[in-house]
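To start, the structure under review is shown below, and the notes come after it.
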Amino acid sequence: MEEIYVNECYVKPANKPSIKKTTAPRSYKRSFYLVVILSLGLLAGLLTLAFYLSNQLSSMTEERDLLKANLTEMTKELERLQSLFNQKKTCPTGWRKFSCSCYLLSENSGSWQSARKHCTDQGADLVVIDSPEEQNFIASFTQKETWIGLSDIEQEGTWKWVDGTPLTLQYWASLQPDNLLFREDCAHIRYQETSWNDERCENSLQWVCEKLL
């Protein structure tokens, strides 16, 4: 009897599509957390830096204020010492003291040039008036026309003091200087009370010398 074999076929189960686990959401979360952590770290660093800089700025401001205060105190002390030093210094006999200078009113009269030479021979020069107080001081002991250290000898109309400084503060009398006959190149005080006037340098007047203490 012929054996009948039945071909039994093994039916493989159909390959079901494998379900891959999606990693995108998890990766996205990791990236998001990383960004957050980095951002927080950066923010913390910036805050720390800002706090540090703020403290440094505050410290520098305090140091600046302290230096300014010390400088102010040192300036006051220097002025005090200078004042004491000047008080101890005296002028030569016959000279008058005002501020930090000594002044001498001549007993004789002479030209502006000879007056200046007399002053320079004594380590002084004709007076340079550079403040209202000094103007009043000079006027207080001069009684007649007196040479001062002002002229426009170098250039007509450009008045300069003997120390080379240009004329700024001025006490010219009305309509002066007028350079009468184009020959008045030297200045004197005591014209129309205590005002200044230009005069011929060859004229003979008293003069005032000035030298520093």
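Readers should treat all values here as calculations from the given coordinates under stated rules, not as data from a laboratory. Just so we're clear, the structure is a prediction, and the values are computed from it rather than from any experiment. Because the Cβ atoms are built from the backbone with ideal geometry, glycine has one as well, and the counts that use them run over all protein chains shown.
Please determine, by comparing only the residues of segment 98-137 that are among the hydroxyl-bearing types (Ser, Thr, Tyr) and closer than 12 Å to GLU210 by Cα, which one is surrounded by the fewest Cβ atoms within 10 Å (Cβ to Cβ).
It comes out as SER99.
Scan segment 149-171 and report the pairs whose first residue is closer than 15 Å to GLN113 by Cα and whose second residue is exposed (fewer than 13 other Cβ atoms within 10 Å of the Cβ) and among the polar types (S, T, N, Q), with Cβ atoms within less than 7 Å and a gap of 6+ or a chain change.
Short answer, once both residue conditions are applied: ASP152/THR158.
Which ones in segment 181-211 are buried (at least 19 other Cβ atoms within 10 Å of the Cβ) and farther than 20 Å from THR142 by Cα?
GLU184, ASP185
Got a number for residues in segment 171-213 being among the aliphatic types (A, V, I, L, M) and within 23 Å of GLY123 (Cβ to Cβ)?
Counting residues in segment 171-213 that are among the aliphatic types (A, V, I, L, M) and within 23 Å of GLY123 (Cβ to Cβ) gives 6.
Give me the residue from segment 156-180 that is hydroxyl-bearing (Ser, Thr, Tyr), touching an Asp or Glu at 6+ places or on another chain (Cβ under 9 Å) and surrounded by 10 or more Cβ atoms within 10 Å (Cβ to Cβ) and, out of that set, farthest from ASP130 (Cα to Cα).
THR158
Is segment 92-102 home to any residue that is in contact with a Phe, Trp or Tyr (Cβ under 8 Å, 6 or more places away or on another chain) and aromatic (Phe, Trp, Tyr)?
Yes.
Could you check segment 55-97 and list, in sequence order, the residues that are within 21 Å of CYS209 (Cα to Cα) and of a type in the set (Lys, Arg)?
LYS89, ARG96, LYS97
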